[in-house]
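Trainee: Handing you this structure, nothing more for now.
Nothing in this text is a laboratory measurement; each read-out follows from the coordinates by a stated rule. Note that the structure is predicted; figures quoted are calculated from it, not measured. Cβ atoms come from the backbone with ideal geometry, glycine included; neighbour counts cover every protein chain shown.
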Amino acid sequence: MAAGNNALNIDGEVVGGYAAKVALAADELDTAAGGVGAGATTGQAYGELGGRLGLDRSYARASGALRQQLQVGAAALRSAAEALDQLTAGHAQRDADAAEQIKRAGGLS
């Protein structure tokens, strides 16, 4: 940023690429959340003692909490990606509007 310039310069391609990476990370968290808790949910999976101790229920509670955290994280990332997309779209539209005004004023042919 130049001295005395309060403008923020946005590189739409860079921000758009970052938004795509953030959206991909959200999808990966959703995929991970889907696999949490799969299998090992019965008492037999932990053996006789594990079944009597309730390890299946403990595992179900822990995996449920982890799944919920992953889903919340995915939602937060998806929200950030959408905000970044809106930011780049807004800047692109303002650039297009400015170019059109210059063109109409005869500055560009």
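Trainee: How high is the relative contact order of the range 1-106? Use alpha-carbon pairs under 8 Å, at least six apart in sequence, and give a whole percent. Provide the component values of the computation, followed by the final result.
Mentor: On the way: 80 pairs, mean separation 38.5, N = 106.
Relative contact order comes out at 36 percent.
Trainee: Alpha carbon centre of the range 82-106 versus the range 45-64: separation in Å?
Mentor: Centre-to-centre (Cα) distance: 57 Å.
Trainee: Nearest 10 degrees is fine. How inclined is helix 12-35 to the longest principal axis of the chain, computing both from alpha carbons?
Mentor: Relative to the chain, helix 12-35 is tipped by roughly 10 degrees.
Trainee: Which number do you get for Rg(Cα) / (2.2 N^0.38 Å) in the chain?
Mentor: Taking N as the residue count of the chain, the ratio is 1.90.
Trainee: Okay, moving on. Using only Cα atoms and rounding to the nearest 10 degrees, what angle (0 to 90) does helix 55-104 make with the longest principal axis of the chain?
Mentor: 10
Trainee: All other residues with a Cβ under 10 Å from the Cβ of residue 74 taken together, and with Lys, Arg as +1 and Asp, Glu as -1, what is their net charge?
Mentor: Here the count lands on -2.
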